[in-house]
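Remarks on the structure that follows.
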Amino acid sequence: MMDRLGTGRLGRFLVGLPPYAWLALFFLVPFLIVLKISLSEPSAGAPPYLPLWDWDETGALAFHLTLGNYATLFGDELYAFAYLNSIRIAGIATLGCLLIGYPAAYAIARAPTAWRQSLLLLVALPFWTSFLIRVYAWIGILKSEGMLNALLLWLGVISEPLQILQTDLAVIIGMTYSYLPFMVLPLYANLEKMDLTLLEAAADLGCRPFKAFVAVTLPLSMPGIVAGSLLVFIPAVGEFVIPDLLGGPDTLMIGKVLWAEFFDNRDWPVASAVAIAMLVLLVAPIMIIQNARTKAEEAGK
Amino acid sequence: MASQTTAAPWNDPGAKPLIRFEGVSKRFGDFVAVDQVDLAIHKGEFFSLLGASGCGKTTLLRMLAGFETPTEGRIFIDGVDMSAVPPYERPVNMMFQSYALFPHMTVEANIAFGLKQDRLPQPVITDRTKAVLDLVQMGKFATRKPHQLSGGQRQRVALARALAKEPKVLLLDEPLGALDKKLREATQLELVNIQDRVGVTFVMVTHDQEEAMTMSSRIGVMNSGRIAQVGTPVDIYEYPESRFVADFIGAANMFEASVRQSGTDQVVVNCPELAHDLIIAHNDMLPEGTPVTVMVRPEKVAISRDKPAEGLNWAQGVVADIAYLGDVSIFHVRLESGHRIEALQTNLRHTDERKLTWEDPVYLSWHPANALVLTK
Ligand SMILES: Nc1ncnc2c1ncn2[C@@H]1O[C@H](COP(=O)(O)OP(=O)(O)OP(=O)(O)O)[C@@H](O)[C@H]1O
Ligand SMILES: [Mg+2]
């Protein structure tokens, strides 16, 4: 009995090991390295930061920890502005994804079974083309003499080309487009497993289809909405490529700031501090709220 | 247990039925799930649809609720053609086989849901919710969510939710399917009591014939999409109109036979399985030579060591098998022809010195009035 229990525990441990090892190796270790750099002082050499500790002339161990990089973040309102703007743009893009993704996921989940796989494949199809190429394609669509303006001019909706490229709007469009599958897939998974007799029950109790959607389908799909929104929002906040290619010089986003600190200023410690701050200020609260929500739900069960 | 005290409106040709099916068929592609059903159900009835799995009971019920559209025919509720009436406007409520309780709402909210759709004032909703919860004895659980309830409790909430709107008709699709035997019997009783109290017309689907017999005012027996027979439990059991119904309901001994002589109140048939002719009470004249089936229920067959009295139908054989069920024993008697007849005997004594045992030669007998001649 003990023996079986023992191997059971060992087995469970061994099975659990790879994911944890993976997380430790590719998430925790890089995070610690970044954390370490963010606490170092910048230097002109290579690497462009001083070691956290060394031996001074007397041979004693000396630490060179500094919070100066974080102080910089709080000292210059550029950073705060970039954070807030990132959250705003990512938030709007998330909303855009939800508004387009929910009906799409709903339509796929309610389509005849034979079609669903093909429709899902269509959602995932863009992944077969490089992300960069797809974002470049949006430049072609959105620029002044691009396809969108040409179409609108031809339709007579506008008389002057619109300046969309190099604005926040272009960034929002690009993000909504790029992250849409991350919204559709979890929503589909949720809507597809919904028990349709619940809608029959609602109708039976005198509820019209639209009201039944609001009263039954929508609340039951909340976990899907939350999962999809997080999958879109979190990477969108730190997004660099889309604002860089589609946004203008005044589209201030934290990803761009980070890039500028890292490559233009070669200030690795401040760049690291930006990254850590983003993680702590944004991702950590979301994780904690999510965790609490899940726990509350489980306690409710 | 069943509401046998109620009058029998189905025997009154002038009575207007509450529910009427007129030539209703439902096809899924080429498959005929419901075939030319004509049916009238009256106000206050406890009507059961009984039949083997896949015979179209649920489909019939779903057409009544409005979830399926008949391919042919029309359904009337209270004289109104339901063809163009969507489910949310029909005066029926359904208790789903899976209960279909809203998992994100409390018991209370589930029950109030239907009342809210009618835009009733909040105090009325609160009162009625409380009243039906008390009716099904679930008042204590008002603030729980469905996943915090046992199967039996969920089933009561589902019943309460369907009852709350005081529909003209309550549809129940195998309402007790998920319950164990004890709880099932208790709930059957409870359902019948509730029906007596609220006076709603119940239409229940089941494939448990005992359940249908104990609860119903009338039973509709279905066979591959068709209604084979409609009648009171007694009619269905004692006077089945076809071989299918006789065989489906309860146990039955059946013999193939042909008519030898037909009178005004009885018929003499020749049965190749038996050594001599049988005399059976029958009101219709049957031409000589008509192939018929003779049916006699096991409890109507007496088993004895001695030759039975004159005037009874009888057969001779040996005991091939005995199934002891406690209250009764079922004897399987093998005739000379090899045909087997079941006879049921109540075990009246603790021990019986003259107890029959395997291979004992015995006589079987039954009264002419206790057997039936089936022509369908
Ligand atoms: N949507 C559908 N599409 C195709 N065939 C269907 C559909 N719904 C039911 N059927 C078929 O119609 C027949 C009758 O189904 P129904 O659900 O009415 O049976 P039932 O009498 O309720 O059976 P059970 O006792 O097993 O619940 C079955 O053979 C079933 O396969
Ligand atoms: Mg069914």
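The values are calculated or read from the model by the stated rules, or taken from the named source; none is laboratory data. All values reported here derive from a predicted model rather than from experimental measurement. Counting neighbours? That spans all protein chains shown, and the Cβs are built from the backbone with ideal geometry, glycine included.
Checking each residue in the stretch B:102-145 for being closer than 24 Å to B:R62 by Cα and either away from every other protein chain (no Cβ under 14 Å) or in contact (Cβ under 8 Å) with a residue 40 or more places away in the chain (or both) picks out B:F102, B:P103, B:N110, B:I111, B:A112, B:F113, B:G114, B:L115, B:D118.
Within the stretch B:153-177, the residues that satisfy the criterion of being within 13 Å of chain A (Cβ to nearest Cβ) and acidic (D, E) are B:E166, B:D173. Annotation: B:E108 fulfils all but one of (1) under 21 Å from A:A212 (Cβ atoms); (2) acidic (D, E); (3) within 16 Å of ligand 2 (Cβ to nearest atom); the unmet one is (3).
For the stretch B:76-101, how many residues meet the condition of being within 16 Å of ligand 1 (Cβ to nearest atom) and without any contact (Cβ under 8 Å) to a residue 12 or more places away in the chain?
Count: 1.
Considering the stretch A:168-195, and only residues there that are of a type in the set (S, T, N, Q) and more than 14 Å from chain B (Cβ to nearest Cβ), the residue that is farthest from B:F113 (Cα to Cα) turns out to be A:S178. When B:T351, B:T346 are screened for being in contact with a strand residue (DSSP E or B) (Cβ under 7 Å, 6 or more places away or on another chain) and over 18 Å from B:E256 (Cα atoms), only B:T346 passes.
Condition check ((1) in contact (Cβ under 8 Å) with a residue 24 or more places away in the chain; (2) in contact with a strand residue (DSSP E or B) (Cβ under 7 Å, 6 or more places away or on another chain); (3) farther than 22 Å from A:G228 by Cα) across all residues:
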residue	(1), (2), (3)
A:Y136	yes, no, yes
A:A150	no, no, yes
A:E160	no, no, yes
A:V171	yes, no, no
A:P186	yes, no, no
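Restricting the first member to the stretch B:157-183 and to residues that are closer than 18 Å to B:R197 by Cβ and basic (K, R), and the second to residues that are more than 16 Å from ligand 2 (Cβ to nearest atom) and assigned to a helix (DSSP H, G or I), the beta-carbon pairs closer than 6 Å and six or more apart or on different chains are B:R161/B:N110; B:R161/B:I111; B:K165/B:G114.
Considering only residues in the stretch B:327-376 that are among the acidic types (D, E) and assigned to a loop (DSSP other than H, G, I, E, B), the one that is surrounded by the most Cβ atoms within 10 Å (Cβ to Cβ) turns out to be B:D360. Determine whether B:L172 is buried (at least 22 other Cβ atoms within 10 Å of the Cβ), of a type in the set (A, V, I, L, M, F, W, C), in the same structural domain as B:G54 (by TED's automatic domain parsing) and within 16 Å of ligand 1 (Cβ to nearest atom). In short, yes. Quick check, is B:T126 among the polar types (S, T, N, Q) and modelled with pLDDT of 90 or more? So B:T126 passes the test.
Filtering A:L132, A:L165, A:L142 for residues that are surrounded by fewer than 20 Cβ atoms within 10 Å (Cβ to Cβ), hydrophobic (A, V, I, L, M, F, W, C) and either away from chain B (no Cβ under 14 Å) or touching a residue at least 40 places away in the same chain (Cβ under 8 Å) (or both) leaves a single hit, A:L132.
The set of residues in the stretch A:188-229 that are free of Cβ contacts under 8 Å to residues at least 24 places away in the same chain, crowded, with 17+ Cβ neighbours inside 10 Å and of a type outside the set (D, E, K, R) comprises A:L198, A:L199, A:A201, A:A202, A:A203, A:L205, A:G206, A:C207, A:A212, A:A215, A:V216. Quick check: anything in the stretch B:153-167 in a helix (DSSP H, G or I), out of contact with any Leu (no Cβ under 9 Å at 6 or more places or on another chain), away from ligand 1 (no atom under 16 Å from the Cβ) and more than 22 Å from B:G66 (Cα to Cα)? Among the residues of the stretch B:153-167, at least one is in a helix (DSSP H, G or I), out of contact with any Leu (no Cβ under 9 Å at 6 or more places or on another chain), away from ligand 1 (no atom under 16 Å from the Cβ) and more than 22 Å from B:G66 (Cα to Cα), which makes the answer yes.
Residue count for the stretch A:235-259, restricted to those that are aliphatic (A, V, I, L, M) and either surrounded by fewer than 17 Cβ atoms within 10 Å (Cβ to Cβ) or within 14 Å of chain B (Cβ to nearest Cβ) (or both): 1. Against the criterion of being within 19 Å of the chain's Cα centre (by Cα) and over 27 Å from A:L169 (Cβ atoms), A:L252 does not qualify. Return yes or no: is B:Q137 touching a Cys at 6+ places or on another chain (Cβ under 7 Å), farther than 20 Å from B:E45 by Cα and not aromatic (F, W, Y)? So B:Q137 fails the test. Of all residues in the stretch A:196-213, those being more than 17 Å from B:L170 (Cα to Cα) and more than 7 Å from chain B (Cβ to nearest Cβ) number 7. Would you mind stating whether B:A320 is surrounded by 11 or more Cβ atoms within 10 Å (Cβ to Cβ), more than 24 Å from B:Y239 (Cβ to Cβ), of a type in the set (A, V, I, L, M) and touching a Lys or Arg at 6+ places or on another chain (Cβ under 8 Å)? Yes.
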